[in-house]
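The values are calculated or read from the model by the stated rules, or taken from the named source; none is laboratory data. Note that the structure is a prediction, hence the values are computed from the model and not measured. We place every Cβ from the backbone using ideal geometry, glycine too, and count neighbours over all the protein chains shown.
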Amino acid sequence: MITNTNHQEISDSFVFEVNKADSEWQNMLSPEQYQILRNKGTERPFSSKFEDHWDGGFYTCAACGNELFSSETKFDAGCGWPSFYDALDPKKIVTKTDRSHGMVRTEIMCGKCGGHLGHVFDDGPQDKTGLRYCVNGASLNFKNK
């Protein structure tokens, strides 16, 4: 589990700013986005439209529009998912210990709506933060600069 981020580690009782009924999330998100963002799913590696996307701008939460990552921190980790070495602002992402699938990892979620984004690992660029935010592309939208 990663402990060297500046993000808030949340508990099950944490209340997000944006709260919607499950049926509302289903109506506004595609089935893949819903599965990832609301049910903590994972897209297949190398399937994201953002895996090999290098335009300048900002990656936002597909559920609520919260700006999460800058294209300036995106890098090719070779893992099959869009990867970033830093978040736009530590308050925009929250973390939670994930003990699923027989592993202990640090889950990253949108700090505004709680949407599951992916996980953060400590194998990112050592000359930057050393972190790799491994993000499901379906959990993101993109805004050009």
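Filtering the stretch 19-52 to residues that are among the aliphatic types (A, V, I, L, M) and within 29 Å of residue 80 (Cβ to Cβ) leaves 28, 29, 36, 37. Screening the candidates 97, 42 for the property of being assigned to a strand (DSSP E or B) and surrounded by fewer than 18 Cβ atoms within 10 Å (Cβ to Cβ) yields one hit, 97.
Determine which member of the set 47, 100, 83, 70 is at pLDDT below 95 and small (Gly, Ala, Ser).
100
Restricting the stretch 68-78 to residues that are over 11 Å from the mean Cα position of the chain (by Cα) and part of a strand (DSSP E or B), the residue that is surrounded by the most Cβ atoms within 10 Å (Cβ to Cβ) is 74. Applying the selection to the stretch 119-133, what residues are outside any loop (DSSP other than H, G, I, E, B) and surrounded by fewer than 19 Cβ atoms within 10 Å (Cβ to Cβ)? Correct list: 121 only. Looking across the stretch 124-145 at every residue that is in contact (Cβ under 8 Å) with a residue 24 or more places away in the chain and of a type in the set (D, E, K, R), the one that is farthest from residue 29 (Cα to Cα) is identified as 128. For residue 114, indicate whether it is assigned to a loop (DSSP other than H, G, I, E, B), under 20 Å from residue 38 (Cβ atoms), within 11 Å of the chain's Cα centre (by Cα) and in contact (Cβ under 8 Å) with a residue 60 or more places away in the chain. Considered against the rule, which asks whether it is assigned to a loop (DSSP other than H, G, I, E, B), under 20 Å from residue 38 (Cβ atoms), within 11 Å of the chain's Cα centre (by Cα) and in contact (Cβ under 8 Å) with a residue 60 or more places away in the chain, residue 114 comes out as yes. Checking the structure you have, find out if any residue of the stretch 9-32 is surrounded by 13 or more Cβ atoms within 10 Å (Cβ to Cβ), at pLDDT below 95 and in a strand (DSSP E or B). Scanning the stretch 9-32, I find at least one residue that is surrounded by 13 or more Cβ atoms within 10 Å (Cβ to Cβ), at pLDDT below 95 and in a strand (DSSP E or B), so the answer is yes.
As a summary of the residue check, residue 107 satisfies the conditions (1) of a type in the set (Asp, Glu); (2) free of Cβ contacts under 8 Å to residues at least 40 places away in the same chain; (3) not in a loop (DSSP other than H, G, I, E, B) except for the one numbered (2).
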